[in-house]
Amino acid sequence: DAQTYLSQVRTDALEIETLVDDMLTYARFERENQQPDTLARHELISWLQTLIQSETQPSAGEAVTVDYQPEADILIAPFEPTYLGWAVKNVIRNAVKYAAGKASVRIDSDDSRCLIHIDDDGPGIPESDRAHIFKPFFRVDKSRDKHSGGYGLGLAIAKSIMIWHRGDIVAERSA
């Protein structure tokens with residue numbers, strides 16, 4: 001019927017718009033990969049807790065916990081909240097999506113760096129694919145269709161954002 005057809009056209013148009021937005025974001029970070037001279041300093045722990053609360057819905061059964069060094073109630077670090085938020089949210093969404101029941105975020109820091117570990121209890125990423133998941137358009141599960149996930153740009157954008165922050169992002173075996 002016409003209503004179903006229009007609904008599908010609307011869905012396809014939104015999907016194309018999302019893909020174009022993601023491609024433009026990736027291209028912007030690849031083109032402008034010059035890091036800023038300085039980044040403003042922000043409080044990381046409360047920012048991260050707020051970000052996680054905005055990303056997860058307890059009613060949907062998505063449990064994401066945040067752990068940080070016990071001696072650190074406040075952690076001031078240089079970062080751009082919007083860009084870093086985009087990268088961290090993307091990885092958290094993946095963790096929640098593939099978790100068997102639990103995803104967690106842990107913050108470690110020393111005098112020179114901050115580490116944000118995002119983990120889940122899902123099946124994990126095969127070791128042979130870990131080096132490739134941050135490449136544009138790479139997807140671990142080749143059988144996925146447009147209804148089961150994105151186009152393989154999210155982690156590539158997250159990697160570009162982390163490099164822009166003078167950092168990195170890696171995938172390792174869960175602890």
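Within the stretch 1-28, take every residue that is of a type in the set (Gly, Ala, Ser) and farther than 30 Å from Ser160 by Cβ and give me the one that is most open to solvent (accessible area, probe 1.4 Å).
Selected residue: Ala2.
Failed condition for His117, given (1) open to solvent by 50 Å² or more (accessible area, probe 1.4 Å); (2) under 14 Å from Ile45 (Cα atoms); (3) over 14 Å from the mean Cα position of the chain (by Cα), with all others met?
Of everything listed in (1) open to solvent by 50 Å² or more (accessible area, probe 1.4 Å); (2) under 14 Å from Ile45 (Cα atoms); (3) over 14 Å from the mean Cα position of the chain (by Cα), His117 misses just condition (3).
Within the stretch 66-104, track down each residue that is at pLDDT 90 or above and assigned to a loop (DSSP other than H, G, I, E, B).
Passing the criteria: only Phe79.
Within the stretch 1-36, track down each residue that is modelled with pLDDT of 75 or more and in a loop (DSSP other than H, G, I, E, B).
Selection gives Asp1 alone.
Residue pairs, Cβ under 7 Å, 6 or more apart or interchain, first in the stretch 161-175 and surrounded by 12 or more Cβ atoms within 10 Å (Cβ to Cβ), second part of a loop (DSSP other than H, G, I, E, B) and of a type in the set (Lys, Arg). List them.
The qualifying pairs are Ala171/Arg130.
Can you tell me which condition Ala63 does not meet? The list is (1) modelled with pLDDT of 85 or more; (2) in contact with a strand residue (DSSP E or B) (Cβ under 9 Å, 6 or more places away or on another chain), and all the others hold.
Of everything listed in (1) modelled with pLDDT of 85 or more; (2) in contact with a strand residue (DSSP E or B) (Cβ under 9 Å, 6 or more places away or on another chain), Ala63 misses just condition (1).
Quick test for you: out of Asp111, Asp145, Asp141, pick the one residue that is open to solvent by 50 Å² or more (accessible area, probe 1.4 Å), charged (D, E, K, R) and either modelled with pLDDT of 85 or more or farther than 26 Å from Glu15 by Cβ (or both).
Of the residues listed, the single one that is open to solvent by 50 Å² or more (accessible area, probe 1.4 Å), charged (D, E, K, R) and either modelled with pLDDT of 85 or more or farther than 26 Å from Glu15 by Cβ (or both) is Asp111.
The values are calculated or read from the model by the stated rules, or taken from the named source; none is laboratory data. Bear in mind the structure is a predicted one, so any value in this text is a computation, not a measurement. So basically every Cβ, Gly included, is an ideal-geometry build from the backbone, and we count neighbours across all protein chains shown. For accessibility, only protein heavy atoms count, side chains too; no ligands or nucleic acids. Shrake-Rupley method; radii C 1.70, N 1.55, O 1.52, S 1.80 Å.
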